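The values are calculated or read from the model by the stated rules, or taken from the named source; none is laboratory data. Predicted model only: the values in this text are computed from it and were never measured. Counting neighbours? That spans all protein chains shown, and the Cβs are built from the backbone with ideal geometry, glycine included. Just the protein is used for accessible areas: all its heavy atoms, side chains included, with ligands, DNA and RNA removed. Shrake-Rupley method; radii C 1.70, N 1.55, O 1.52, S 1.80 Å.
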Amino acid sequence: MKAKKYLRRIAWFLTFAGIMLLLCPNVVMAAEEEAAQPAVYATFWALVPPIVAIVLALITKEVYSSLFIGILVGALFYSGFSFEGTVTHIFQGGIIQVLSDSSNVGIIVFLVILGTMVSMMNRAGGSAAFGRWAGKSIKSRVGAEIATIILGCLIFIDDYFNCLTVGSVMRPITDRHNVSRAKLSYLIDATAAPVCIIAPISSWAAAVSGFVEGEDGLSIFIRAIPYNFYALFTIFMMFAMVLLRTEFGGMRVHERNALKGDIYTTENRPYANAEEEARENPRGKVIDLLIPILCLVISCIIGMIYTGGFFDGVDFVTAFSQSDASVGLVFGSFFGLLITIALYMIRRVLSFKDCMACIPEGFKAMVPAILILTFAWSLKAMTDSLGAAEFVGALTKSSAEAFMNLLPAIIFLVGCGLSFATGTSWGTFGILIPIVVEVFSNSDPKLMIISISACMAGAVCGDHCSPISDTTIMASAGAQCDHVVHVSTQLPYAMVAAAVSFVTYIIAGFVQTAWIALPAGLLLMLLVILVFRKIFGKLEG
């Protein structure tokens with residue numbers, strides 16, 4: 001164990017020394033020498049910074065420094081290894097720029113308000129009361145996990161909202177039934193983006209519809225749902241593995257330890273103290289959890305359609321499709337917070353002073369997620385400035401005509417890679433969907449639908465796997481699980497669903513009908529799960 005620590009320290013020292021050596025010859029270089037477009041623009045090198053960050057995070061188990069080194073590598077490439085240009089690009093082109101973006105700030109505000117509401121619900125005793133109530137109906141680990149999946153599927157409006165809400169509601173219940181935090185974070189993450197991408201009324205449907213220029217975006221989105229294999233297989237896989245009590249990889253280790261009473265497994269337990277410090281309020285009831293959550297859901301829906309112009313005469317579906325999810329969630333969560341404060345004061349479960357004390361507590365609980373999000377956004381800004389989108393777009397477009405029937409499978413892989421490297425599924429939609437529409441809109445509309453589905457499925461798959469994805473980060477925060485633990489235990493599950501999806505897209509490219517491809521894929525997924533159950537055995541408990 002000590003040897004590993006020494007090796008890790010040596011690796012960090014060599015990395016730091018190498019960076020300093022690269023910077024030293026360029027300390028005196030002027031900012032004017034920085035080209036408007038770097039020499040590595042729109043080449044494979046544009047994807048190197050996120051790859052560096054991901055590899056370092058998985059090796060060192062430390063996400064903050066890994067992300068920052070990825071940002072540093074991107075800035076070095078952009079500036080041509082100029083010291084001044086590198087520092088300028090890290091902050092002005094990265095951290096300061098992403099924190100100046102109104103959409104990003106909206107997400108941060110939403111996180112803080114939601115963290116405050118969770119803190120208030122805990123202090124009011126609503127979460128504990130719900131746990132006691134649910135404990136009377138949910139008698140087993142399987143029941144707790146199924147309830148988590150169902151709740152995640154019901155909250156399909158937005159993935160950010162899903163991650164934090166499901167985590168705060170189900171965490172006391174899964175803890176009581178000895179479900180590991182790693183498994184809880186997987187269930188949350190797997191019912192966030194995969195559910196939103198097949199829900200016609202969601203912020204994701206609105207985003208995808210906006211990228212399909214010159215076509216009826218919402219209609220295409222709905223027609224593409226049966227071909228969104230990764231999302232459908234992920235949901236099927238969750239239910240099947242829970243009911244069959246099958247686990248594999250690192251998740252199996254965490255689940256076996258959880259059955260013995262250790263829901264964390266690792267030494268790093270970033271949220272354990274928060275649970276210990278929570279005081280149970282004897283006046284708390286189930287309504288102190290359910291009413292705030294219900295008000296939050298309704299307020300967020302109203303906030304989103306408001307930003308889409310619903311109250312100016314626009315119909316509901318159009319308002320949702322053109323809504324600004326970031327701003328709408330801020331409006332909704334703010335009014336949800338006000339209603340919650342009023343409820344608790346009227347019921348006298350919390351005083352106004354207690355409610356206000358929850359604001360810094362909620363912010364403090366969200367600091368790890370906000371830090372990781374800020375670094376992840378900055379890393380994406382580095383890849384954008386290096387032309388990652390142009391590189392992948394040109395690569396995809398050049399291969400489109402040569403592999404027409406195999407294109408859905410190829411698009412799926414490209415979407416996975418791009419979304420994994422950049423940590424953004426929406427950015428992947430924006431790059432790939434317009435290319436698919438341009439290639440197929442006039443030649444093969446059926447294959448266009450399948451390929452658009454492959455874009456969405458690949459983007460969600462990469463987003464699901466990526467340690468720098470905001471959804472993955474918030475799933476860790478919602479489950480209060482160590483982020484690297486969540487990524488490393490979820491990755492094998494996501495890869496299995498991705499492999500089955502890839503095979504199914506090959507089938508779909510030739511048969512071009514969901515009635516054949518989808519049942520074939522579901523059968524293959526069930527077969528794979530049964531093989532894992534045969535190899536690893538049934539998880540007892």
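Structure values in brief
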| quantity | calculated |
| --- | --- |
| At R0 = 56 Å, FRET efficiency that the Cβ-Cβ distance of residue 526 and residue 367 yields, to 0.05 | 0.85 |
| Label-point separation in nm, residue 40 to residue 357, each point 7 Å along Cα→Cβ | 5.1 nm |
| Protein accessible area in the stretch 286-392, 1.4 Å probe - carbon and sulfur % | 74 percent |
| Centre separation in Å (Cα based) which lies between the stretch 364-380 and the stretch 309-359 | 23 Å |
| Linear extension gain, residue 394 paired with residue 511, 0.36 nm per residue minus alpha-carbon span | 39.4 nm |
| Residue 92 versus residue 334: modelled label distance in nm, points set 7 Å from Cα along the beta carbon direction | 3.2 nm |
| Pair residue 540, residue 139: separation of 7 Å Cα→Cβ label points (nm) | 2.1 nm |
| Estimated dipole of the stretch 443-541 in Debye, rounded to 20 [Cβ of Lys and Arg +1, of Asp and Glu -1, Cα centre] | 380 debye |
